[in-house]
Amino acid sequence: MKITIIRIIFLVFWTAFLSGCQSRQAALTFKTYATNANEARLELNGNTWTVPYDSLQGAVFKLQDINPGYAHLRLGNFQKILYIEPGTDLTVTYQRPGKSRTRTSFEGKGAAENTHLDTPTQLVSLQQDMTGEMVQKLLLDSVQTRQARLEASSLSPAFKALERERQRYQVMRQAFKYQHWTTEDVPFIEKQIKEQPELLPTEEYSAFLREALSFIAWFQVSERTYYPLAKAQMEYLNTHFRDTAIVDFLMESVLTNYMTYRGATDITPMLDIFNQRVTSPTLREKIKRDYEKYARILRGASVPDFTFIDTKGKEVKLSSFKGKYVYIDCWASWCGPCRAQIPHLKKLEHDYAGKDIAFVSISSDNNRDKWKKTVEKEQLGGTQLIIQCATNNEFADYFIITGIPRFLLLDKEGKVYDAYAPRPSEPAVVGLLEEVL
C-alpha cells in the first residue's frame with residue numbers, strides 16, 4: 001500500500017514537473033517572401049535569440065523558459081512586434097504581393113492573438129475646439145470601450161492582460177495631438193504614466209513615454225529651447241522613475257535627441273544624471289562615443305581650412321574670412337525649408353551691414369548650374385559658395401550636418417563659436433549676434 005501511494009505521488013509530481021517545463025516552452029517559425037539577411041533575431045523578456053535563416057525553412061526559434069510578452073522580431077530591414085506566451089506554436093509569414101501594400105499572416109497556436117495585434121484600429125478623433133475636460137473624457141471613454149471589447153473576446157487571458165494596457169497607451173498617444181492643454185492638465189497626463197517595462201517593445205508605450213516626458217517638461221520651463229527642455233526631462237526622469245529598463249531607455253533617448261540638435265553644448269549636467277542612473281554598459285558606451293564625436297565642434301574648437309567654389313568658379317578658403325565673425329548658412333536650392341529662410345537672412349544681412357560679420361552661404365547642390373540660377377533669381381547677398389563635391393562632403397561630416405538648413409557661427413579666429421546657431425527666422429539669432437558684435 002505504501003509503495004502504491006509513493007508511486008502515485010511520484011507520478012503526480014513527475015507529470016506536474018513535465019507539464020510545468022512544457023508550459024514554459026514556445027516555438028516560432030518565420031517565413032518571408034524575400035530577404036537578403038541570413039539570420040533572424042527575436043527579443044523577448046530581456047532575452048535575445050539569434051537563429052539562421054534560409055529561404056526554404058525560414059527562421060525557426062525554439063524558446064525555453066519564457067513568460068508571456070511582446071517580442072521584437074528582426075530580419076534584415078524587417079521588424080515586427082509579436083505576442084508570444086508559453087505553449088505558443090506559431091508560424092508567421094510575411095508576404096509582399098504588390099508595391100502598395102504588405103501582408104503578414106499567422107497560423108497555429110497564438111495566431112488569433114497576433115492577428116488581433118496586427119489589425120489596424122480606428123482611433124478617437126480630437127477636435128481643437130473641444131475643452132480640455134472634453135478631451136480627457138473622450139480619451140477615457142475610448143479606453144474603456146476598447147478594453148471592454150477586448151475582455152469580451154476569446155483571446156488568451158495572459159494576452160488580454162497585456163493588450164489592454166497597450167491599447168490604453170495607443171489611445172492616450174492621441175492626447176498629444178490636442179493643442180490647447182494648459183498647466184492644469186499636466187496631472188491628467190502624469191496619471192496615465194505607469195512603469196511597465198514589459199510594454200517597452202511596443203511603439204504605443206515607448207512613444208507615449210517619450211511624448212509624455214516632452215509634454216511635462218514643456219510646462220515646467222519658461223524658456224522653451226533645447227537645453228532647458230532636455231534638462232527638465234532628465235531631472236523629471238531622475239525624480240519620478242525607478243524601473244531600470246525604462247530609465248535606461250528614456251535617458252538615452254533624451255540625450256541622443258539633444259545631441260542631434262545641440263551637439264555637446266551645455267550637456268555636462270545631463271551627462272552627470274545619465275551616468276548616475278543608467279546601468280546598461282552598451283548605452284553608457286554609446287552616449288560616451290556620441291559625446292566625443294560632438295565635443296570636437298564645441299565652442300573654441302579649431303576648424304579645418306575647407307575650400308569651396310564661388311559663383312565664378314573661383315576657389316575660396318574658409319580661412320579667408322578670418323578677422324570677422326562668420327555666420328554660415330548650410331543649404332541647397334532644392335530644400336524648401338532652406339528657401340524659406342532667405343527673406344530672414346536678407347534682413348539680417350541688411351541689419352548688420354558694415355559690422356564685423358560675414359554672411360556666407362554654403363550650398364550642397366549637386367547641380368551647379370541650378371545653384372547659380374537660384375542665386376541669381378533670388379538675388380542672394382553675402383558670399384555664395386558651393387561644396388566642390390557634394391557626394392563627398394567633408395564639411396558636412398566634420399560639423400555632423402544631418403539635415404538642412406543648418407547655421408553655424410565662427411569667431412574672428414575661424415574657430416567654432418556656435419555649431420548650432422539659431423536660424424535667421426528665430427528671435428534668438430539677434431541675441432547671439434548682439435552678444436559677439
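I'd like to know if the stretch 118-130 contains one or more residues that are open to solvent by 60 Å² or more (accessible area, probe 1.4 Å), closer than 17 Å to Y83 by Cβ and more than 29 Å from the chain's Cα centre (by Cα). Checked against the condition, which is being open to solvent by 60 Å² or more (accessible area, probe 1.4 Å), closer than 17 Å to Y83 by Cβ and more than 29 Å from the chain's Cα centre (by Cα), the stretch 118-130 yields no hits at all.
Mind listing just one residue for me: the one in the stretch 187-206 that is farther than 19 Å from N45 by Cα and out of contact with any helix residue (DSSP H, G or I) (no Cβ under 6 Å at 6 or more places or on another chain) and, of those, most open to solvent (accessible area, probe 1.4 Å)? Working first, answer last.
Within the stretch 187-206, the first condition is being farther than 19 Å from N45 by Cα, and the residues that meet it are 187-193.
With the extra rule that they be out of contact with any helix residue (DSSP H, G or I) (no Cβ under 6 Å at 6 or more places or on another chain), the set shrinks to 187, 190-191.
Working: P187: 78, E190: 64, K191: 161 Å².
By that ranking, first place goes to K191.
A single member of I3, I66 is of a type outside the set (F, W, Y), at pLDDT 85 or above and outside any strand (DSSP E or B), and it is I66. In the stretch 377-401, of all residues being part of a helix (DSSP H, G or I) and in contact (Cβ under 8 Å) with a residue 24 or more places away in the chain, the one that is farthest from R299 (Cα to Cα) corresponds to E378.
Among the candidates R224, R210, R173, R166, single out the residue that is touching a strand residue (DSSP E or B) at 6+ places or on another chain (Cβ under 9 Å) and closer than 29 Å to E133 by Cβ. Walk me through how you get there before you give the answer.
Working: R224 fails: touching a strand residue (DSSP E or B) at 6+ places or on another chain (Cβ under 9 Å); R210 fails: touching a strand residue (DSSP E or B) at 6+ places or on another chain (Cβ under 9 Å); R173 fails: touching a strand residue (DSSP E or B) at 6+ places or on another chain (Cβ under 9 Å).
When all the criteria are applied, what remains is R166.
Applying the condition of being among the aliphatic types (A, V, I, L, M) and open to solvent by 20 Å² or more (accessible area, probe 1.4 Å) to the stretch 154-174 and asking which residue is nearest to P86 (Cα to Cα) yields A158.
The values are calculated or read from the model by the stated rules, or taken from the named source; none is laboratory data. What you are looking at is a predicted structure, and each value in this text was computed from that prediction instead of being measured. Heads up, the Cβs are rebuilt from the backbone with ideal geometry, glycines too, and the neighbour counts pull from every protein chain shown. With ligands, DNA and RNA removed, areas are computed over all heavy atoms of the protein, side chains included. Shrake-Rupley method; radii C 1.70, N 1.55, O 1.52, S 1.80 Å.
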